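See below for the structure under consideration.
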């Protein structure tokens with residue numbers, strides 16, 4: 001494999017995390033006597049960080065800065081302790097990531113999930129892979145589609161942008177790649193639709209992990 005950097009999104013790309021995100025939000029909402037949501041609704045809420053997820057889950061009239069901040073704390077306190085109860089890798093992704101690492105690709109993660117949660121999940125499910133960087137949401141660094149996380153990774157990797165690929169399941173990931181002037185590959189098995197990836201302008205779209213493998217091993 002020629003030298004390249006592959007940056008993976010986490011939720012909806014490497015791991016199916018929606019079950020634990022939904023349970024965490026339902027817990028937070030139940031504490032407040034508020035209505036919970038469906039699987040499909042939670043899929044539409046995720047992708048822009050935990051603060052935005054919590055905000056979307058709350059009734060509109062409660063979305064004040066103070067209330068959202070308190071609700072986020074309750075969510076995170078529960079979620080970090082139960083982050084891997086229902087979460088699983090998408091079939092074939094562990095093998096693909098391990099193979100890419102073995103074959104010399106530089107790998108990284110850029111997620112809008114908070115840093116501690118991102119690191120915990122990656123270390124659990126990909127323990128033998130040495131990533132260039134595992135970047136989650138942290139103070140002072142803007143969320144995707146801002147290029148900040150990609151720029152941090154590129155600085156560490158020492159790979160030209162023309163040899164860098166962003167792999168993700170949402171328009172946020174595709175827009176991040178476009179903003180950073182790197183290649184984009186959308187995956188349609190995640191939380192958003194293939195149509196969203198097409199409309200965002202993904203260069204390639206993989207419907208299966210085997211298709212993704214073929215794209216990354218060209």
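The values are calculated or read from the model by the stated rules, or taken from the named source; none is laboratory data. Just so it is clear, the structure is predicted and the values come from calculations on it, not from any experiment. Cβ sites come from the backbone with ideal geometry, for glycine too, and all protein chains shown count toward neighbours.
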Within the range 3-11, is there a residue that is at pLDDT below 95 and out of contact with any strand residue (DSSP E or B) (no Cβ under 7 Å at 6 or more places or on another chain)? yes
Just one listed residue, out of 178, 115, is in the same structural domain as residue 9 (by TED's automatic domain parsing) and farther than 14 Å from residue 7 by Cα, and it is 115
Condition set in contact (Cβ under 8 Å) with a residue 40 or more places away in the chain and outside any strand (DSSP E or B), scope the range 127-143, selection nearest to residue 112 (Cα to Cα): answer is 143
Report task. For residue 121, state whether it is in a helix (DSSP H, G or I), in contact (Cβ under 8 Å) with a residue 40 or more places away in the chain and over 17 Å from the mean Cα position of the chain (by Cα). Result -> no
The helices (runs of 4 or more DSSP H) lying wholly within the range 1-81 that contain at least 2 residues that are surrounded by fewer than 16 Cβ atoms within 10 Å (Cβ to Cβ) are 18-31, 39-45, 65-81
